[in-house]
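No value in this document is a laboratory result; all are computed from the given coordinates. Everything numeric in this text was worked out from a predicted model, so none of it was measured. Cβ coordinates were reconstructed from backbone atoms using ideal geometry, including for glycine residues, and neighbour counts include every protein chain displayed.
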Amino acid sequence: MKSIDINADLGEFRNRNQLKNELNILEHISSCSIACGGHIGDFDSIQSIMMPCKDLNISTGPHPSYPDKTGFGRKEININSDKLEKSITEQIELFFKVSKKLSYKPDHVKLHGRLYNDAAKKEHLANLFLKIVSSFDNDLSVIGPTNSLLETLTIKKGLRFIPEAFIDRAYNDDYSLVDRTKEDALLTSLDEKINQTRDIVINEEVTTITGKRIKMKAETLCIHGDNAGTLNTLKEINDMLIQEKIIIKSS
C-alpha cells in the first residue's frame, strides 16, 4: 500500500495559543522539523515540541536557518561562509542537546526559509550545509526540494535524501517555489491544498503557477504550521488520504 510522510515546520510559536495550535497539529502529522534558534526558537521551545513528539512517535529533526530573527529567516542576508557555518552548526548542536536530554534520536535535518531555497540551487551553500551535516555522528537524512541541486549533491555524498513537496505553496515551472513576495505564492483555499496533495501523492504531478503540469515525485509533504487554517487543512487531508487508501507514516 502506498504511503506518504506529512511533515510540518514547528517550534515557531510566540505565545501559548500558538503553542497549543502546534501541539494540535502533531495529532495529524508523521514528522516535524523544529526551529532551533536561527529564525526563532531556543532550548525550551524545542523541548516543548520534542516531548510530545516522543510520546506520539513522531519523527523529528532540526530546522536551521539564516541567523535572522528579524526577517524570520525568509530574507536574503549578508553573511560570510564562516559565520554561516558556525551559526548552522550551533543551531543543530542546540537541537541535539534537547534530543540527548529526552533520549529521542532525530531522523532528519531540513533548512528553513530563504536558506532552504538558496541551498537548493547554489552549490557553495549546498556543499556547506552537507559538510555540516556530515560532521555530526548521526545518520541524519536531508529533506529538501525534489529535482534540486541539493538532491543531486546529497546523493553524490552518500547521504540519504528525502524529496519534499509542499501542500500550501505554489510552484514555478522549474520546480522552485513561487517567491513569497509574489501574489499567489501561497495556496489559500482548502480545495487548492487538497487537490495539490492528491495530485502529488497519487499522480506524482503538480500544476505550476503558469498552468503547466510537471512531474513531482515526493516522499514527504510539508505544511506550514504558522499559516491560518493549517489544523483544519490537515484534518481534511488526512481524511482524503484515508479514502484513497494512502498510509501516513514517516519516510
Quick calc, region 127-168, dipole around Cα centre from Cβ unit charges on Lys, Arg (+) and Asp, Glu (-), nearest 20 debye, gives 240
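When the dipole is taken about the Cα centre of region 207-251, and only Lys, Arg (+1) and Asp, Glu (-1) are charged at their Cβ, what size is it in debye, to the nearest 20?
Numbers: 7 positive and 5 negative charges, 66 e Å.
The dipole of region 207-251 has a size of about 320 debye.
Assuming R0 = 35 Å, what is the FRET efficiency of Glu90 and Asn232, from their Cβ-Cβ distance, to the nearest 0.05?
Numbers: r = 36 Å, r/R0 = 1.03.
My answer for the efficiency is 0.45.
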Mean-square fluctuation maximum in Gaussian network of the chain, Cα pairs under 10 Å, restricted to Asp137, Asp174, Asp42, hits Asp137
Classified through the alpha carbon gyration tensor (a ≥ b ≥ c as square roots of its eigenvalues; rounded if a/c is under 1.5, else prolate when a/b is larger than b/c, else oblate), region 142-251 comes out oblate
Stretched fully, the stretch from Leu159 through Ser3 gains (0.36 nm per residue minus C-alpha distance, one decimal, in nm) 54.0 nm
Scalar couplings 3J(HN,Hα) for region 99-107 by Karplus 6.51 cos²θ - 1.76 cosθ + 1.60 (θ = phi - 60°), nearest whole Hz, x for Gly and Pro, are 4, 5, 4, 8, 6, 10, 6, x, 10
Contour minus Cα-Cα span, Asp139 to Glu204, at 0.36 nm per residue, comes to 20.6 nm
Rounded to 0.05, the calculated FRET efficiency for the beta carbons of Gln18 and Asp191 at R₀ = 35 Å is 0.85
With DSSP loop assignment and no more than 16 other C-beta atoms within 10 Å, the GluC sites (Glu not before Pro) in region 54-157 are Glu76
Each label sits 7 Å from Cα toward the beta-carbon; between Asp44 and Thr152 the label points are separated, in nm, by 4.6
Any lysines whose Cα falls less than 20 Å from that of Lys235, other than same-chain ones fewer than 8 residues away, would be Lys2, Lys20, Lys193, Lys245, Lys249
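Please give the calculated 222 nm ellipticity per residue for the chain, where each DSSP H segment of at least 4 residues contributes -39500 (n - 2.57) and the sum is spread over every residue; nearest 500 deg cm²/dmol?
Details: 8 runs with 99 residues, N = 251.
Value at 222 nm, helices only: -12500 deg cm²/dmol.
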Stretched fully, the stretch from Glu244 through Glu76 gains (0.36 nm per residue minus C-alpha distance, one decimal, in nm) 56.5 nm
Once both label points are put 7 Å beyond Cα along the C-beta direction, the Asn172-Glu27 separation in nm becomes 3.9
